[in-house]
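Here, each number is a calculation from the coordinates, and none is a lab measurement. If you're wondering where the values come from, they're calculated on a predicted model, not measured in any experiment. Every residue, glycine among them, receives a Cβ derived from its backbone with ideal geometry; neighbour counts consider all protein chains shown.
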Amino acid sequence: MRIQNSELRIGNSRIVQHSGGFTLIEVLVSSTILAFAAAAVMSISRFSVQAYSSTFERTQAYFLVQEGLEIVRSIRDNQSLDHRSNNWAILLPNPSASSEVWRAVWDAQAGRWQLATGSEDIQLDPAVDLHFIRIIRFESVPNLPGLVGSDGTILPTGIAENIRRVTVEVEWAQAGTPASVRGSTLLSNWQPED
């Protein structure tokens, strides 16, 4: 049931009110409420896009760290098999120069990875202006007390000659702010002694 007209009588005068539309105040209040709701949805959407972008970049950086560690394992394994030697010094860089940084370089002729000095600039998608810098470092590892050598004797405390700590760090600019992730692993000289 719809009321089209209503009458209000004050004394001898008659006032007719139409209830078929909205007043200006009602329109302004509802417009204001809708504007606030739209602003809230836009703000949440913008935050969601930024969070997705940040998570995507960080995930890409973690993949590059993992890839760097796998590349170093591959270099160790390939060189160890090629040289058929226990000469650990020629397999991986000297960790005594701990400030020296390395990068992985693909040798297309040999079909394998090699190490070169310096950092590596990686751009995964040429359409996106996002650059990652990958750095590989090697460190000596101290012998733990009571560590047993391959001949069964307890090794003296000092530097473990057949173990290297490899750390891969990936840096990038995330929304104008420097960001980085890193991972490390221990590599051992798995080649049996002659």
Query raised in the report: Given H placed 1.01 Å from N in the peptide plane, which residues other than close sequence neighbours of residue 113 have an amide H under 5 Å from its amide H?
Result: 107
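Net charge near residue 56, counting Lys/Arg +1 and Asp/Glu -1 over other residues with Cβ under 15 Å of its Cβ? Present the calculation step by step, with values, prior to reporting the outcome.
Working: positive: 58; negative: 57, 125, 129.
Spelling it out: positives minus negatives among the neighbours equals -2.
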Query - Whole-Å semi-axes of the ellipsoid equivalent to segment 36-83 (Cα gyration tensor, √5λ, descending) - result: 46, 4, 4
Report summary line: Spelling it out for residue 174: with amide H atoms placed in the peptide plane at 1.01 Å from N, the residues 5 or more places away or on another chain with amide H under 5 Å from its amide H are 179
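Excluding residue 67 itself, calculate the net charge of residues whose Cβ lies under 11 Å from the Cβ of residue 67, where each Lys or Arg counts +1 and each Asp or Glu counts -1.
Numbers: positive: 73, 134; negative: 70, 120.
Its environment carries a net charge of 0.
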Query - Karplus 3J(HN,Hα) series, Hz, for segment 24-39 with 6.51 cos²θ - 1.76 cosθ + 1.60 (x for Gly, Pro) - result: 4, 5, 4, 5, 5, 5, 5, 5, 5, 4, 5, 5, 5, 5, 5, 5
